[in-house]
Amino acid sequence: MATPEGAASEPELVSIPATPHGLSTPEGAASEPELVSIPATPHGLSTPEGAASEPELVSIPATPHGLSTPEGAATPTTGGDGGGGGRSSKGGGGTPGRRVVDGLRGYLEEVGHLTRLDPRDAWLPVTESRGGNARYAAFHSLNAGLGFQALLLPLAFPGLGWSWGVISLTIAYFWQLYTLWILVKLHEAVPGRRYNRYVELAQAAFGEKLGMWLALFPTIYLSAGTATALILVGGETMKLFFQIVCGPLCSPSPITTVEWYLVFTSLAVILSQLPNLNSIAGLSLIGGATAIMYCTMSWVLSVSQPRPATVSYDPVKSASFGTSLFSTLNALGIVAFAFRGHNLALEIQATMLSTFKHPAHVPMWRGTKVAYLLIAMCLFPVAVGGYWAYGNMMPPGGMLAALYAFHSHDTPRGLLAMTCLLVVLNCLSSFQIYSMPVFDSFEAYYTGRTNRPCSPWVRSGFRVFYGFLSLFISVALPFLSSLAGLLGGLTLPVTFAYPCFMWIHVKKPKRFSFSWYLNWGLGLLGTAFSLAFSLGGVWSIVSNGMKFKFFKPPN
């Protein structure tokens with residue numbers, strides 16, 4: 001390797017691949033990575049007399065282009081024994097330059113993704129703990145994706161009929177499962193960046209301002225609006241549970257509906273003091289388990305009892321084509337409202353560590369598949385069994401109201417009371433996971449202004465304020481839980497449309513390819529359905545003569 005006497009003064013360069021062996025350059029990254037020069041001549045060997053004074057150089061990338069060193073990880077050095085240099089080679093043979101590359105490859109495999117992390121993420125509830133796994137992902141996804149809205153599904157079948165009801169439910173299920181897979185894949189679509197929140201991914205795909213406007217309202221409703229609806233459903237179910245347990249001794253109930261709302265909110269606020277998303281994994285397990293139990297009990301009890309004598313499955317006759325159309329759209333909006341939880345997928349995945357050997361999308365998708373298999377085993381029997389049992393006589397409150405209205409005398413009070421108690425426990429658990437993004441936003445604003453983490457008192461104050469603000473809204477808008485069709489249409493893009501457009505903007509599939517056609521088609525169809533379902537929901541409100549009684553909850 002020595003330079004012969006009288007040779008040219010320019011050093012000979014040895015070329016090695018710019019990208020470490022086994023690692024491909026990220027899509028869209030610049031082709032020329034940052035280079036570090038190290039001596040090719042092994043340390044300790046002198047250059048022969050008369051040779052050029054400059055050492056022979058080997059060029060290797062200091063860090064793969066587009067990736068940064070993870071927070072807390074040591075930066076690989078370029079000489080001697082630093083950061084996986086020549087002496088840390090796995091094979092122990094080859095040229096010194098080759099050993100440096102092999103050592104760097106080993107470093108990347110052991111350390112994992114070189115992701116640029118915001119230090120303030122360690123202060124926020126969503127990203128404070130990175131101890132998530134596939135089990136936690138299954139618990140959170142099940143708790144977020146299955147809840148009281150499943151009990152409203154039989155209300156969609158009178159407007160759709162048997163065939164179209166089952167077809168619509170099946171298409172919606174697989175459509176939302178596909179868009180959920182998209183979100184899981186897009187969480188780390190850009191090397192060096194993790195999109196830990198839905199709004200962050202929307203801004204990366206659509207631009208800073210447009211992404212904020214498109215995603216902010218539906219995600220706010222799905223978090224804060226769902227929490228308000230949970231107070232309405234949970235408080236009214238607690239009142240129903242009390243009436244079933246006490247029977248005629250407690251009629252009329254000595255506690256008003258607003259007071260039951262207050263009791264539910266107080267319990268939810270106490271549970272909300274758990275610090276971060278991983279810390280409520282146990283609550284999510286309870287929420288998912290109770291949802292499975294009350295969904296199963298509701299349809300089993302309904303199917304096992306004699307059907308009402310006047311039950312009918314004939315399609316609802318409408319006076320005009322327009323009325324029939326809007327009735328169908330409102331029914332489809334109820335189906336869309338049953339599939340929620342997409343606004344939490346990125347947050348759930350953010351609780352996991354991610355490395356090259358163990359990327360976060362693998363356990364996330366594994367847990368999600370289990371959760372949505374269980375969700376399918378609940379949604380389809382509730383929808384089909386509930387419609388079979390009650391047909392067009394299904395009350396506006398869904399399965400729980402039907403059980404109490406038709407079978408309060410021929411079903412043991414213990415079973416009815418147990419069903420109500422399970423609904424209450426599920427609502428308390430769901431309140432926590434849907435409120436966590438709102439807590440995260442409060443604390444992100446605070447840490448951004450003060451550049452320090454929230455103290456326990458500040459964090460507790462935010463959560464108490466949010467809980468009782470939701471209580472105020474639930475008392476002011478007691479009809480909110482009756483707007484399932486309209487709200488399903490307004491929030492539908494988060495589940496069915498936006499993920500498809502995000503895939504196109506971030507992944508940039510080849511124009512006119514199958515992926516390009518599929519995502520453009522589903523995205524545009526989802527947007528059109530959102531507008532149509534919203535109109536159907538408005539029509540349903542007008543045709544049914546719903547009166548918006550502000551600050552007048554039921555007694």
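The values are calculated or read from the model by the stated rules, or taken from the named source; none is laboratory data. These figures come from a predicted structure and were not determined experimentally. Here the Cβ positions follow ideal geometry from the backbone for every residue, glycine too, while neighbour counts run over all protein chains shown. The protein model used for the area step is the full one, side chains on, heavy atoms only, and it has no ligands, DNA or RNA in it. Shrake-Rupley method; radii C 1.70, N 1.55, O 1.52, S 1.80 Å.
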key: 5 angstrom amide H check on Ser129, placed H, neighbours 5+ away   = Leu277, Asn278
Peptides ranked, highest mean first, by Cβ atoms within 10 Å: ranges 256-263, 531-538, 353-360, 289-296 = 289-296, 531-538, 256-263, 353-360
task = Would you calculate the separation in nanometres between label points at Phe217 and Asp314, each defined as 7 Å from the Cα along the Cα-to-beta-carbon direction?
result = 4.1
Amide hydrogen neighbours beyond the local backbone of Met352, cut-off 5 Å, H modeled = Gly132
remark   = Probe 1.4 Å, heavy atoms of protein chains only: per residue, the accessible area of the range 422-534 in Å² is 42
remark   = Of every hundred units of 1.4 Å-probe accessible area on the range 271-381, the number belonging to carbon and sulfur atoms, as a percent, is 72
note = Going through Lys185/Lys369; Lys369/Lys507; Lys185/Lys357; Lys185/Lys510 one by one, the pairs whose alpha carbons sit over 21 Å apart turn out to be Lys369/Lys507
task = Calculate the length of the line joining the C-alpha centroid of the range 394-463 to that of the range 494-530, in whole Å.
result = 33
ask   = For the range 308-407, what is the accessible area per residue in Å², given a 1.4 Å probe and the full set of protein chains?
value = 41
